[in-house]
Amino acid sequence: MAVNIEAYKKIKSDLDAAGVTLVAVSKFKPIEDIRVLYDLGQRDFGENFVQELILKQEALPKDIRWHFIGHLQSNKVKYIAPFIHLIHGVDSYKLLKEIDKQAAKIQTNIGCLLQIYIASEETKFGFSPAELQELKEIVQLKNVDIRGYMGMASFTEDGQKIKAEFSILKNLFDQPEHLPLPGFKPSLLSMGMSGDYEIAVKSGSNMVRIGSLLFGQRDKQIS
Ligand SMILES: *Cc1c(COP(=O)(O)O)cnc(C)c1O
């Protein structure tokens, strides 16, 4: 069993003390590993791939809160809409509109975080802060519940750089008027992974997404 129970207990209690929600990122990890943390009381789990998430959701207890943290394709929203707790990586208006549409179809409301591009790497998805201001049509969407922001810092050892990137996100979080959505009150700031969650928490994160520290390194995709 590769699950690091000691690491989980330590991280979980530190985060609880700081009022930060731990999303245990279980992508590529087997159901049995998820169950180990479930049995210790963990309820928030994050996945990156729709097919994998659906299989796990069917096999595991229904009180798990599933977080979709990957890049979500619009045509796959309908498969997760009935059960998803929070979609972290909303990185385009087109995707947000589709989530709204699928949520309306089943008369529900889906929690979303807008992904903000803060890293200097070109491969990361998300809105720029300037693009947020242009989302005027967002007010028309009645079945999405925009609860805050998510971001990923550059993959680097340079703590100062990571800190600077997280602070961009924290500033947005602290200035809700930046998003043209009257009455917008963001409550969730999802930032921090295994390598940088301590910096993230110091920078104001209240939700971290941690995989490898809990489940060990990921090697191959389960099929
Ligand atoms: C995989 C992933 C994580 C977890 O990464 P670790 O470094 O294993 O903690 C967090 N957030 C996102 C968006 C991911 O894709």
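Here are a few things to note about the model shown:
- Note: relative contact order over segment 175-219, using C-alpha pairs below 8 Å and six or more positions apart, is 31 percent.
- Evaluated over segment 124-178, the Cα radius of gyration and Dmax, each in Å: 13.3, 42
- For segment 172-186, the Karplus equation 6.51 cos²θ - 1.76 cosθ + 1.60, evaluated at θ = phi - 60°, returns couplings of 4, 4, 7, 10, x, 5, 4, 8, x, 9, x, x, 4, 10, x Hz by residue, with Gly and Pro reported as x.
- Counted charge near SER203, where neighbours are those whose Cβ lies closer than 15 Å (Asp, Glu -1; Lys, Arg +1): 0
- 5 angstrom amide H check on ASP145, placed H, neighbours 5+ away: ILE110, GLY111, CYS112
- Sequence of ASP14, ASP44 once ranked by neighbouring C-beta atoms within 10 Å, starting from the fewest: ASP14, ASP44
- Summed side-chain charge close to VAL36 - residues other than VAL36 whose Cβ falls under 14 Å, Lys, Arg +1, Asp, Glu -1: +2
- Spin-label pair LYS136/ILE5, simplified geometry with 7 Å Cα→Cβ offset, distance in nm: 5.8
- Per-residue Cβ neighbour counts within 10 Å put TYR8, TYR79 in the sequence TYR79, TYR8, beginning with the fewest.
- Span from the segment 79-93 Cα centroid across to the segment 163-209 one, whole angstrom: 18
- Ranked by how many other Cβ atoms sit within 10 Å of their own Cβ, fewest first, the residues LYS12, LYS94, LYS105 fall in the order LYS94, LYS105, LYS12.
- Backbone HN-Hα couplings from phi across segment 81-90 [Karplus 6.51/-1.76/1.60, Hz, Gly and Pro as x]: 3, x, 10, 5, 8, 7, 9, 7, x, 6
- The residues neighbouring GLY159, those whose beta-carbon lies less than 14 Å from its own, together hold a net charge of -2 under the Lys/Arg +1, Asp/Glu -1 convention.
- Mean residue ellipticity (222 nm) of the chain, computed from DSSP H runs ≥ 4 via -39,500 (n - 2.57), nearest 500: -10500 deg cm²/dmol
- Taking amide H positions as modeled 1.01 Å from N, with prolines and chain starts lacking one, the residues under 5 Å from SER190 and 5 or more places away or on another chain are TYR149, MET150, GLY151.
- Relative contact order of segment 1-153, taken over Cα pairs closer than 8 Å and 6 or more residues apart, is 16 percent.
Only the coordinates and a few stated rules stand behind these numbers; no lab work does. Quick caveat: nothing in here was measured; it's all calculated off a predicted structure. Note: ideal-geometry Cβ built from the backbone for every residue, glycine included; neighbour counts use all protein chains shown.
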